[in-house]
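*Asks:* Provided herewith is a single structure, encoded as C-alpha coordinates, for subsequent inquiry.
The values are calculated or read from the model by the stated rules, or taken from the named source; none is laboratory data. Predicted model, so just to flag it, every value in this text is computed and none were measured. As a convention, Cβ positions derive from the backbone with ideal geometry for all residues, glycine included, and neighbour counts pool all protein chains shown.
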Amino acid sequence: MWGNQKKPETPQIAPPEPKNFSTNQPPKPAPATWEGTNAMSTDAMRPLGATADRATARLGPSLHIKGEISGNEDLLIDGSVEGLIQLDERKLTVGATAKLTADIIAREVVVYGSVKGNLRAKDRIEIKKDGSVNGDLTTARISIEDGAYFKGSIEIDKSAEKESHGSAFSKPSSQPAATAGPKTI
(Lines give C-alpha, C1' and ligand atoms only; values in the text may rest on other atoms or scores of the structure.)
Protein backbone atom coordinates (compact mmCIF):
# COMPACT_ATOMS: atom_id res chain seq x y z
CA MET A 1 0.00 0.00 0.00
CA TRP A 2 2.84 2.36 0.71
CA GLY A 3 4.10 1.71 -2.75
CA ASN A 4 0.71 2.68 -4.19
CA GLN A 5 0.73 5.95 -2.31
CA LYS A 6 4.13 6.83 -3.68
CA LYS A 7 2.89 6.32 -7.21
CA PRO A 8 0.05 8.81 -6.81
CA GLU A 9 2.50 11.32 -5.34
CA THR A 10 4.50 11.26 -8.53
CA PRO A 11 1.39 12.05 -10.63
CA GLN A 12 0.50 14.77 -8.09
CA ILE A 13 3.71 16.54 -8.99
CA ALA A 14 2.69 16.48 -12.64
CA PRO A 15 -0.75 18.11 -12.11
CA PRO A 16 0.67 21.25 -10.48
CA GLU A 17 2.56 21.93 -13.71
CA PRO A 18 -0.66 22.06 -15.73
CA LYS A 19 -2.08 24.28 -12.98
CA ASN A 20 0.83 26.62 -13.59
CA PHE A 21 -0.01 26.54 -17.28
CA SER A 22 -3.59 27.40 -16.44
CA THR A 23 -2.36 30.27 -14.26
CA ASN A 24 -0.19 31.37 -17.16
CA GLN A 25 -3.32 31.45 -19.31
CA PRO A 26 -4.85 34.40 -17.39
CA PRO A 27 -2.78 36.78 -19.52
CA LYS A 28 -6.14 37.04 -21.27
CA PRO A 29 -7.23 39.37 -18.43
CA ALA A 30 -3.98 41.26 -19.01
CA PRO A 31 -5.36 42.74 -22.26
CA ALA A 32 -8.31 43.94 -20.18
CA THR A 33 -5.78 45.67 -17.94
CA TRP A 34 -4.12 47.02 -21.08
CA GLU A 35 -7.49 48.36 -22.25
CA GLY A 36 -7.86 50.08 -18.89
CA THR A 37 -4.44 51.63 -19.45
CA ASN A 38 -5.71 53.06 -22.73
CA ALA A 39 -8.59 54.67 -20.90
CA MET A 40 -6.13 56.15 -18.43
CA SER A 41 -3.95 57.54 -21.20
CA THR A 42 -7.05 59.12 -22.72
CA ASP A 43 -7.79 60.70 -19.34
CA ALA A 44 -4.18 61.89 -19.18
CA MET A 45 -4.71 63.75 -22.45
CA ARG A 46 -7.76 65.62 -21.19
CA PRO A 47 -5.71 68.26 -19.34
CA LEU A 48 -4.35 69.23 -22.76
CA GLY A 49 -7.68 70.73 -23.44
CA ALA A 50 -10.34 68.26 -24.38
CA THR A 51 -13.32 67.76 -22.19
CA ALA A 52 -15.21 64.49 -22.03
CA ASP A 53 -17.76 65.64 -24.61
CA ARG A 54 -15.25 67.05 -27.11
CA ALA A 55 -12.80 65.27 -29.35
CA THR A 56 -9.36 66.74 -29.97
CA ALA A 57 -7.87 66.41 -33.43
CA ARG A 58 -4.08 66.11 -33.65
CA LEU A 59 -1.53 67.03 -36.29
CA GLY A 60 1.59 65.00 -35.52
CA PRO A 61 5.20 66.24 -35.54
CA SER A 62 5.95 64.87 -39.02
CA LEU A 63 3.10 66.82 -40.67
CA HIS A 64 3.84 70.05 -42.56
CA ILE A 65 0.84 72.05 -43.79
CA LYS A 66 0.67 75.12 -46.02
CA GLY A 67 -2.74 76.71 -46.35
CA GLU A 68 -5.83 77.22 -44.23
CA ILE A 69 -7.09 75.06 -41.38
CA SER A 70 -10.64 75.54 -40.17
CA GLY A 71 -12.89 73.30 -38.16
CA ASN A 72 -15.34 72.73 -35.37
CA GLU A 73 -13.27 70.69 -32.93
CA ASP A 74 -10.35 71.26 -30.58
CA LEU A 75 -6.94 70.89 -32.25
CA LEU A 76 -3.46 69.95 -31.02
CA ILE A 77 -0.63 70.77 -33.43
CA ASP A 78 2.82 69.21 -33.04
CA GLY A 79 3.97 69.71 -36.65
CA SER A 80 4.47 72.85 -38.72
CA VAL A 81 1.79 75.04 -40.27
CA GLU A 82 2.02 78.06 -42.60
CA GLY A 83 -1.15 80.01 -43.30
CA LEU A 84 -4.39 80.61 -41.36
CA ILE A 85 -5.85 78.57 -38.51
CA GLN A 86 -9.49 79.33 -37.75
CA LEU A 87 -11.29 77.44 -34.97
CA ASP A 88 -13.84 80.06 -33.91
CA GLU A 89 -15.45 78.36 -30.91
CA ARG A 90 -12.73 75.80 -30.15
CA LYS A 91 -9.36 75.45 -28.44
CA LEU A 92 -6.02 75.35 -30.26
CA THR A 93 -3.03 73.85 -28.47
CA VAL A 94 0.38 74.50 -30.04
CA GLY A 95 2.51 71.55 -28.92
CA ALA A 96 6.12 71.78 -27.77
CA THR A 97 7.48 70.55 -31.14
CA ALA A 98 5.18 72.78 -33.23
CA LYS A 99 6.43 75.61 -35.44
CA LEU A 100 3.63 77.81 -36.73
CA THR A 101 3.90 80.73 -39.12
CA ALA A 102 0.23 81.55 -39.11
CA ASP A 103 -2.52 83.87 -38.01
CA ILE A 104 -4.72 82.15 -35.46
CA ILE A 105 -8.38 82.74 -34.60
CA ALA A 106 -9.90 80.55 -31.87
CA ARG A 107 -11.84 80.65 -28.62
CA GLU A 108 -8.75 79.64 -26.63
CA VAL A 109 -5.06 79.31 -27.60
CA VAL A 110 -2.39 77.57 -25.51
CA VAL A 111 1.20 77.82 -26.78
CA TYR A 112 3.93 75.35 -25.76
CA GLY A 113 5.86 75.65 -29.05
CA SER A 114 6.71 78.46 -31.47
CA VAL A 115 4.26 80.81 -33.20
CA LYS A 116 5.02 83.64 -35.64
CA GLY A 117 1.82 85.50 -36.42
CA ASN A 118 -1.13 87.27 -34.86
CA LEU A 119 -3.34 85.48 -32.34
CA ARG A 120 -6.97 86.36 -31.68
CA ALA A 121 -8.86 84.44 -28.98
CA LYS A 122 -12.37 85.18 -27.74
CA ASP A 123 -11.66 83.75 -24.29
CA ARG A 124 -7.94 83.51 -23.48
CA ILE A 125 -4.37 83.07 -24.68
CA GLU A 126 -1.76 81.22 -22.63
CA ILE A 127 1.96 81.19 -23.43
CA LYS A 128 3.59 78.41 -21.43
CA LYS A 129 7.12 78.26 -20.00
CA ASP A 130 8.91 77.10 -23.16
CA GLY A 131 6.46 78.75 -25.56
CA SER A 132 7.41 81.49 -28.02
CA VAL A 133 5.12 84.01 -29.71
CA ASN A 134 6.21 86.71 -32.14
CA GLY A 135 3.07 88.66 -33.08
CA ASP A 136 0.15 90.67 -31.80
CA LEU A 137 -2.36 89.22 -29.33
CA THR A 138 -6.04 90.15 -29.01
CA THR A 139 -8.01 88.43 -26.25
CA ALA A 140 -10.14 88.92 -23.15
CA ARG A 141 -7.66 87.13 -20.84
CA ILE A 142 -3.90 86.56 -21.11
CA SER A 143 -1.38 84.40 -19.27
CA ILE A 144 2.37 84.43 -19.96
CA GLU A 145 4.44 82.11 -17.78
CA ASP A 146 7.97 82.82 -16.55
CA GLY A 147 10.46 81.66 -19.18
CA ALA A 148 8.09 82.21 -22.11
CA TYR A 149 9.14 84.45 -25.02
CA PHE A 150 6.79 87.11 -26.36
CA LYS A 151 7.40 89.95 -28.79
CA GLY A 152 4.46 92.01 -29.97
CA SER A 153 1.49 93.92 -28.64
CA ILE A 154 -1.41 92.86 -26.44
CA GLU A 155 -4.94 94.17 -26.80
CA ILE A 156 -7.43 93.18 -24.12
CA ASP A 157 -10.79 92.87 -25.86
CA LYS A 158 -13.52 93.45 -23.27
CA SER A 159 -16.30 93.11 -25.86
CA ALA A 160 -15.61 89.37 -26.22
CA GLU A 161 -15.79 89.01 -22.44
CA LYS A 162 -19.09 90.92 -22.29
CA GLU A 163 -20.57 88.72 -25.05
CA SER A 164 -19.73 85.50 -23.24
CA HIS A 165 -20.69 86.76 -19.77
CA GLY A 166 -23.21 89.46 -20.70
CA SER A 167 -26.13 87.91 -18.83
CA ALA A 168 -24.02 87.45 -15.70
CA PHE A 169 -23.09 91.13 -15.70
CA SER A 170 -26.60 92.36 -16.48
CA LYS A 171 -28.24 90.49 -13.59
CA PRO A 172 -26.31 92.26 -10.80
CA SER A 173 -26.97 95.63 -12.43
CA SER A 174 -30.71 94.88 -12.69
CA GLN A 175 -30.95 93.77 -9.04
CA PRO A 176 -29.83 97.13 -7.62
CA ALA A 177 -32.29 98.81 -9.98
CA ALA A 178 -35.07 96.60 -8.64
CA THR A 179 -34.02 97.36 -5.07
CA ALA A 180 -33.87 101.07 -5.86
CA GLY A 181 -37.45 100.92 -7.21
CA PRO A 182 -39.06 99.81 -3.93
CA LYS A 183 -36.98 102.31 -1.92
CA THR A 184 -38.34 105.24 -3.96
CA ILE A 185 -41.95 104.09 -3.57
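*Asks:* Could you give every pair whose Cβ atoms fall below 9 Å, whose first residue belongs to segment 75-96 and is on the phi > 0 side of the Ramachandran plot, and whose second residue is of a type in the set (Lys, Arg) and at pLDDT 95 or above, counting only separations of at least 6 or pairs across chains?
*Replies:* GLY83/LYS66
*Asks:* Could we say that LEU84 is within 18 Å of SER114 (Cα to Cα), touching a helix residue (DSSP H, G or I) at 6+ places or on another chain (Cβ under 7 Å) and either at pLDDT below 95 or not polar (S, T, N, Q) (or both) here?
*Replies:* no
*Asks:* Anything in segment 119-162 that is closer than 22 Å to ASN72 by Cβ and not acidic (Asp, Glu)? List them, or say none.
*Replies:* Correct list: LEU119, ARG120, ALA121, LYS122, ARG124, ILE125, THR138, THR139, ALA140, ALA160.
*Asks:* Go through segment 61-93 and give me each residue that's surrounded by fewer than 17 Cβ atoms within 10 Å (Cβ to Cβ), in contact with a Gly (Cβ under 6 Å, 6 or more places away or on another chain) and assigned to a loop (DSSP other than H, G, I, E, B).
*Replies:* Across segment 61-93, the qualifying residues are PRO61, LEU63.
*Asks:* Which residues, counting only those in segment 88-146, are among the small types (Gly, Ala, Ser) and over 21 Å from THR56 (Cβ atoms)? Don't jump to the end; show me each part of the working.
*Replies:* The first filter runs over segment 88-146 and keeps only residues among the small types (Gly, Ala, Ser), leaving 95-96, 98, 102, 106, 113-114, 117, 121, 131-132, 135, 140, 143.
Hits for segment 88-146 are GLY117, SER132, GLY135, ALA140.
*Asks:* A further question follows. Can you confirm whether THR139 is over 25 Å from LYS66 (Cα atoms), buried (at least 19 other Cβ atoms within 10 Å of the Cβ), modelled with pLDDT of 95 or more and hydroxyl-bearing (Ser, Thr, Tyr)?
*Replies:* Numbers: over 25 Å from LYS66 (Cα atoms): yes; buried (at least 19 other Cβ atoms within 10 Å of the Cβ): yes; modelled with pLDDT of 95 or more: yes; hydroxyl-bearing (Ser, Thr, Tyr): yes.
For THR139, the condition - over 25 Å from LYS66 (Cα atoms), buried (at least 19 other Cβ atoms within 10 Å of the Cβ), modelled with pLDDT of 95 or more and hydroxyl-bearing (Ser, Thr, Tyr) - is met.
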